[in-house]
Amino acid sequence: MLYQITGKQIDIGEALQTHVKTELGEAVAKYAQRPTDANVFFSKSASEFACEAVVHLSTGLTVQAKGKSHEIYTAFDNCCEKMEKQLRRYKRRLKDHHKERAEPVELFGGASYILASEAEGGESEPDSLQPIIVAEMEAKIQSLSVGEAVMQMELAGAPVLVFRNEAKNGLNVVYRRDDGNIGWIDP
């Protein structure tokens, strides 16, 4: 597995990098076969360290977790625990998913935009009805079954996931509802 361990305005030493590689490698290898790469980001806000880890699996799925603590090692350990818990929860489905697929999850290109929020006052009338685009980037849309889409949304910790439904070959959306259930939009 390839590791990219970075710190945002933090010096990451060799000891921490070695700790991350061994602990994360063991946690992921226990539940998922053939992870391809891992990105681990460390940052500091006031007196608290934050760790965010993203692991890409060979099947095309992505696992993401975050952890915070007053010590950097503990922040990573919290993050690793959350990731291990997610993987443990989906272990059987990940292994079954891997055996059924001859090829990794298919990805399609799409556009992603970030729109400017309204002015602080909120009472001003906009000059035009076109929103101001703050950022524009390319997004990947995965071709999944509905069950795999729900699993991917849970593993990534995302509130919403747009995917291409393998059964109907159309774009679908799964999302977490306010009541805790999962919603599925199939146009």
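The values are calculated or read from the model by the stated rules, or taken from the named source; none is laboratory data. Computed from a prediction, not measured in an experiment: that's the story for all the values here. Here Cβ is always computed from backbone atoms with ideal geometry, including for glycine, and neighbour counts include all displayed protein chains.
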- What tally of residues in region 1-22 results from selecting those that are in contact with a helix residue (DSSP H, G or I) (Cβ under 7 Å, 6 or more places away or on another chain) and in a loop (DSSP other than H, G, I, E, B)? 1
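Out of all the residues in region 153-187, which are surrounded by 12 or more Cβ atoms within 10 Å (Cβ to Cβ), of a type in the set (D, E, K, R) and either in contact with a His (Cβ under 6 Å, 6 or more places away or on another chain) or outside any strand (DSSP E or B) (or both)?
Glu154, Glu166, Asp186
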- Note on the structure: Note on region 31-44: residues closer than 13 Å to Gly7 by Cβ and small (Gly, Ala, Ser) are Ser43
- Given the structure, is Leu2 within 23 Å of Arg88 (Cβ to Cβ) and within 20 Å of the chain's Cα centre (by Cα)? no
- Determine whether region 120-134 contains at least one residue that is modelled with pLDDT of 85 or more and among the charged types (D, E, K, R). no
